[in-house]
Amino acid sequence: MAVTMRAGGWLILAAVLSLVTPAAAQPAAEEIMAKAHLAMFYPGEDMRARVTMRLVSRDGKERVRELTMSRRDLQDGGEQRYFIYFHRPPDVRDMTFLVWKYPGKDDDRWLYVPALKLVRRIAASDKRSSFAGSDFSYEDVSGREPEEDTHKLVREEKVGERGAYVVQSAPKDPASVDFSRKVSWIDKATWLPLKEEYYDRRGELSRLFTAEELKEIQGFWTVTKRLMKNVQTGHRSESVLADVRYNQKLSPDLFSERALRAPPAELSR
């Protein structure tokens, strides 16, 4: 009987402790968005992928862009370099785009237009402009710094079969952007953004990003199919990544102004 009572006492104590012991703490909103930024834009030391972009109007008219995107990290979570080479259509073939990304200050961006034999510096104020006629902005290509916004964890819910943190973000400098707030669904398992809603200055939904396909490549989870839709115009842009390769030891020379006019022959194939 004593043994039975002793066991019963331990059961009661365990039940009481389960009521007073707090559940596992949720990560802070800032931590969630910092991890999402690293997962989306910093996997591996460098990366190269063939990208096909389909631009589709409300009435179904379609344009296709094909390009090669290369990225090199100078520091994990820090400075980066991007180089993009356009293969088709013919009117953009040999066009190149270069980004030098600096956390904490405006990025440097250059665009080379072969038809004009002109390198154009893209002003910091143009970072929200359309990238190559798509619904993705220049800033969407290399990512927006989490520190530029204030973040609030509003709830947790599922996106399909994936558990997600739902975070609302507001720009610290509203005049520098064209959205008043953004709502992000961040995958708990991979930290990748599964969905993002952008609201304009009137508070109306303007753009919707969805991660249509996730794959694990060389140990890095990657959004290999991305969709950005302008819900106000009905135009949408689908970006599909193929032949994704990480840690290729890409040469620093690729990420230079000189390469804009004379990219390596390997990219033109």
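The values are calculated or read from the model by the stated rules, or taken from the named source; none is laboratory data. Source: prediction; values computed, not measured. Cβ placement follows ideal geometry from the backbone for every residue including glycine, while neighbour counts extend to all protein chains displayed.
Find the residue count for the stretch 146-182, including only residues that are β-branched (Val, Ile, Thr), farther than 21 Å from Val223 by Cβ and assigned to a strand (DSSP E or B).
2
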Some residue of the stretch 61-76 being part of a helix (DSSP H, G or I), modelled with pLDDT of 95 or more and among the β-branched types (Val, Ile, Thr): no
For Lys158: the one exception among (1) modelled with pLDDT of 95 or more; (2) surrounded by fewer than 21 Cβ atoms within 10 Å (Cβ to Cβ); (3) under 28 Å from Arg269 (Cβ atoms): (3)
Candidates Pro43, Pro27, filtered to the one that is over 21 Å from Ser256 (Cα atoms), modelled with pLDDT of 90 or more, touching a helix residue (DSSP H, G or I) at 6+ places or on another chain (Cβ under 9 Å) and outside any helix (DSSP H, G or I): Pro27
Per-region count, the stretch 194-214, residues touching a residue at least 24 places away in the same chain (Cβ under 8 Å), among the basic types (Lys, Arg) and either over 19 Å from Met33 (Cβ atoms) or touching a Pro at 6+ places or on another chain (Cβ under 7 Å) (or both): 1
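In the stretch 174-185, is there at least one residue being within 18 Å of Ser206 (Cβ to Cβ) and among the acidic types (Asp, Glu)?
yes
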Residue that is outside any strand (DSSP E or B) and either over 27 Å from Thr233 (Cβ atoms) or among the aromatic types (Phe, Trp, Tyr) (or both), where the choices are Trp191, Trp185: Trp191
Failed item, numbered, when Tyr85 is tested on (1) touching a Lys or Arg at 6+ places or on another chain (Cβ under 8 Å); (2) surrounded by 16 or more Cβ atoms within 10 Å (Cβ to Cβ); (3) assigned to a strand (DSSP E or B): (1)
Tally, over the stretch 97-141, of residues that are in a helix (DSSP H, G or I), buried (at least 18 other Cβ atoms within 10 Å of the Cβ) and of a type outside the set (Val, Ile, Thr): 3
